[in-house]
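Structure first, commentary second.
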Amino acid sequence: MSGIQLTENLIKTLDGGDEDGANQAFIPAPGGFQGPRDGYIFQNGEKGVGYYKRGDDDDDEEEEFAAEDELKSKRRKTSHETATTTTTTTTTPSETNKIDYDKMLAEIEHNNPDITKETTELSVKSVKKLVVQFERALNENTEKRAKFSTKPEKFLDSEVDLDNAIKNLQSLASAPSLFHVLIDTKCVPSLLSVLAHENEDICVDILELFRELFDPDASNEGEEDENRQAFQLLNCLRENDGIKMLVDCLMDRFFSKPKKKNEEQQQQEEDLAIEETKRNAEETILQIVENAIEISGGTSEICEYFLNESNTRLKEYLLERVGKKQNTDGVKVQASELLSILTTGCDETVKVSMLLANDTFMDPIMMAIAPYKKKEPQDSEEREIVENLADALCALLQTKEGRETFFNLEGLELMLMCVKSKLFVRGSALKCLDFALTENELGCLKFIDAFGLKTIFSTFVGCFGGDEKKMKKIRKKYGNDYVDAECERTLSIIASLFQNISVSTNTDKYNRVVSKFVEDSFVKLDLLVESYVSYGKRVSKIEINENPQDSEEEQDIYLEKLDHGLSSLENVAIIIAHLWATLDDAIQKRIFVDLENNEIDVSHARDVLRDRAKNIGDGGGEQLQKDKVDQLLTLVYSLYMPDEVRPGDE
């Protein structure tokens with residue numbers, strides 16, 4: 001809000017006098033302060049709240065202040081432009097009010113005559129001048145608000161000075177290398193104190209200042225020293241409980257709880273403007289948090305700091321803000337994205353000890369996803385919310401404890417309903433199921449018991465053998481990436497069922513998965529081989545066009561293959577190998593014929609599995625890596641024609 005607008009708003013309040021009661025000793029005001037009246041004082045006196053006729057002592061006090069204010073205004077070099085409507089406050093002036101800020105400014109200007117000239121370049125001394133101006137404006141405003149809490153017209157000028165001083169500091173955002181001046185001058189605590197200012201517009205100004213100071217784009221464009229200073233300023237903020245104060249400001253001042261229908265009907269246009277201001281402030285604070293995470297490198301430590309309830313109330317805010325009762329807007333999108341960033345950024349220890357210590361974190365996320373099993377997102381923003389919530393849930397499902405909590409909260413049943421809905425949420429539900437079943441034998445058994453086979457194989461047929469017109473319609477509606485990801489997740493889930501269910505201890509359930517490829521005259525097996533051929537052609541183009549010169553270039557090619565469907569090709573190869581390992585003559589014959597019709601033999605699948613074994617990482621530990629490699633090599637060993645000689649059998 002501009003200074004002129006601030007003044008106009010306040011003038012509307014100050015013009016509210018009533019000429020009819022000019023000669024009365026007391027004029028009641030049951031509705032509260034209605035603006036100043038000449039010759040009257042607004043107070044809660046013997047006759048109640050209202051306007052009491054002014055005595056001589058009050059006039060003397062006003063004249064004394066007017067004379068004092070006139071002397072100060074002559075010394076000021078900056079013009080007084082505007083003011084704002086405010087509510088009363090009762091703060092006590094600090095000892096720093098005794099500092100002669102005019103003398104400090106005079107000394108700076110005397111020692112640096114060029115500092116008053118207009119320039120686009122900031123220096124240490126010019127920043128110090130801005131800091132002094134801010135400190136002086138803040139202290140004068142605090143003093144006048146405390147002394148004349150019931151007379152807004154007495155602190156109009158100081159309010160404008162403070163507003164201008166904060167805006168002037170925003171120029172520092174273009175010079176991250178000078179952030180240390182704010183730390184050296186101990187200005188950060190003073191800046192943070194403005195978050196509690198009674199004037200909401202002043203509070204918004206300081207939020208905007210912090211947002212610009214922590215803009216990662218500005219600091220990243222500079223040298224390493226600029227990045228370091230931005231990080232140091234952030235640490236200074238944390239040391240002064242600045243992050244906690246920002247989140248408290250968000251929760252207590254700007255976060256609006258959902259209104260009931262009857263309350264919404266009573267909402268006036270003025271309230272709508274207030275709500276818009278609050279939403280903008282929410283977005284600004286969330287952007288500050290996101291910038292702080294990026295400046296800190298997105299480490300698990302900074303993510304834990306923000307989610308730890310002993311540090312901030314951010315977790316509470318985010319879970320409530322993404323809830324189904326909240327309207328979809330830009331703030332909800334931003335909150336869901338931040339929730340995903342923080343959850344994904346935490347390491348396993350933090351997830352287990354803090355986020356999964358009880359159900360209060362995962363349950364609200366699933367409840368926020370649940371409504372979409374019956375409705376489509378209205379626009380791209382709402383789709384982004386669904387995807388962000390799914391990403392946060394998948395981050396929790398990467399841990400054993402997260403998977404256990406997921407199944408205990410009936411997350412499996414919820415995701416199966418979402419898949420059956422054939423709405424946008426199906427893609428996110430398949431992703432969650434993929435994470436939930438990876439390396440989880442018990443989860444795979446529960447999946448079969450929950451009649452998940454019918455759902456997943458129906459999706460499989462829709463992906464690889466469905467109506468072409470329907471597929472084109474889905475691609476047009478949701479995009480090619482959405483459809484490709486759906487196909488990839490479906491294959492990954494089926495591969496997990498084969499890999500995790502032991503054929504020796506759970507033979508019946510294993511055979512139920514196998515039987516799905518046999519029923520209906522092997523139609524699903526035919527589709528499986530067709531998908532293998534399709535993915536194989538896409539990946540082979542990379543091999544033909546590239547010729548690696550060293551290991552680094554070879555790694556780049558491998559990553560490019562993954563982008564072109566290598567992961568899906570490997571999953572299909574795993575499924576084919578498991579089906580081949582059943583030693584069922586009908587199944588082996590069908591696979592052989594389907595591959596031969598496409599001029600491919602089983603040795604191609606063996607090569608794909610060998611390459612996968614070479615690229616298995618040790619993220620889960622050396623023993624887990626060894627177990628995975630052994631499992632794949634066992635499949636490779638079984639994937640031979642009856643007349644073929646296996647290595648070592650000569």
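Distance from the alpha carbon centroid of the range 157-197 to that of the range 325-398 works out to 35 angstrom.
Based on the Cβ-Cβ distance of residue 484 and residue 150, what FRET efficiency does E = 1/(1 + (r/R0)^6) give at R0 = 56 Å, to the nearest 0.05? E between residue 484 and residue 150, to the nearest 0.05, is 0.25. As a size descriptor, the averaged projected area of the C-alpha convex hull of the range 270-428 was calculated at 9.5 nm². Number of Lys-Lys pairs in the range 553-650 with C-alpha atoms under 25 Å apart and a separation of 8 or more places or on different chains: 5. Restriction of the trypsin sites (Lys or Arg not before Pro) in the range 377-423 to DSSP coil positions whose beta-carbon has at most 15 other beta-carbons within 10 angstrom yields 422.
In the range 589-642, which GluC sites (Glu not before Pro) are in a loop and have at most 14 other Cβ atoms within 10 Å, using DSSP for the loop call? Loop-located and lightly packed - 599. Across the range 631-640, rounded Karplus estimates of 3J(HN,Hα) from the backbone phi angles (6.51 cos²θ - 1.76 cosθ + 1.60, θ = phi - 60°) give 5, 5, 5, 5, 5, 4, 5, 7, 8, 10 Hz, Gly and Pro being marked x. Label-to-label distance, residue 599 versus residue 252, with points set 7 angstrom from Cα along the beta-carbon direction: 7.5 nm. In this calculation the C-beta distance from residue 310 to residue 280 is compared with R0 = 30 Å, giving a FRET efficiency of 0.55. Note on residue 236: accessible area approximately 20 square angstrom, rounded to 10, probe 1.4 Å, nucleic acids and ligands left out.
For the set 144/325; 332/469; 151/332; 375/469, the pairs lying more than 32 angstrom apart at their alpha carbons are 144/325; 332/469; 151/332. Summed over all non-identical Cα pairs, the Kirkwood treatment of the range 538-650 gives a radius of 15.5 Å. Rolling a 1.4 Å probe over the heavy atoms of the protein chains gives the range 546-650 an accessible area of 59 Å² per residue.
The shape of the range 307-381 comes out prolate: with a ≥ b ≥ c from the C-alpha gyration tensor, a/c is at least 1.5 and a/b beats b/c. Fully extending the segment from residue 618 to residue 358 would add 90.6 nm, taking 0.36 nm per residue of separation and subtracting the current Cα-Cα distance.
Which GluC sites (Glu not before Pro) from the range 373-438 combine a DSSP loop assignment with at most 16 other Cβ atoms within 10 Å? Filter output for the range 373-438: 410. Couplings 3J(HN,Hα) of the range 414-427, computed from phi: 4, 5, 5, 5, 5, 5, 5, 5, 6, 9, 4, 5, 4, x Hz, in residue order, whole Hz [Karplus 6.51 cos²θ - 1.76 cosθ + 1.60, θ = phi - 60°; x for Gly and Pro].
Our summary gives the range 485-629 a relative contact order of 24 percent, counting only alpha carbon pairs under 8 angstrom and 6 or more residues apart.
Taking a probe of 1.4 Å, how large is the accessible area per residue of the range 394-514, in Å²?
Heavy-atom SASA per residue in the range 394-514 reads 45 Å².
The fraction of accessible area contributed by carbon and sulfur in the range 461-609 is 46 percent, rounded to a whole number (1.4 Å probe; ligands and nucleic acids excluded).
The values are calculated or read from the model by the stated rules, or taken from the named source; none is laboratory data. Keep in mind it's a predicted model, so treat the numbers as computed, not measured. Positions of Cβ are backbone-derived with ideal geometry, glycine not excepted, and every protein chain shown enters the neighbour counts. Note: areas computed on protein heavy atoms with side chains; ligands, DNA, RNA excluded. Shrake-Rupley method; radii C 1.70, N 1.55, O 1.52, S 1.80 Å.
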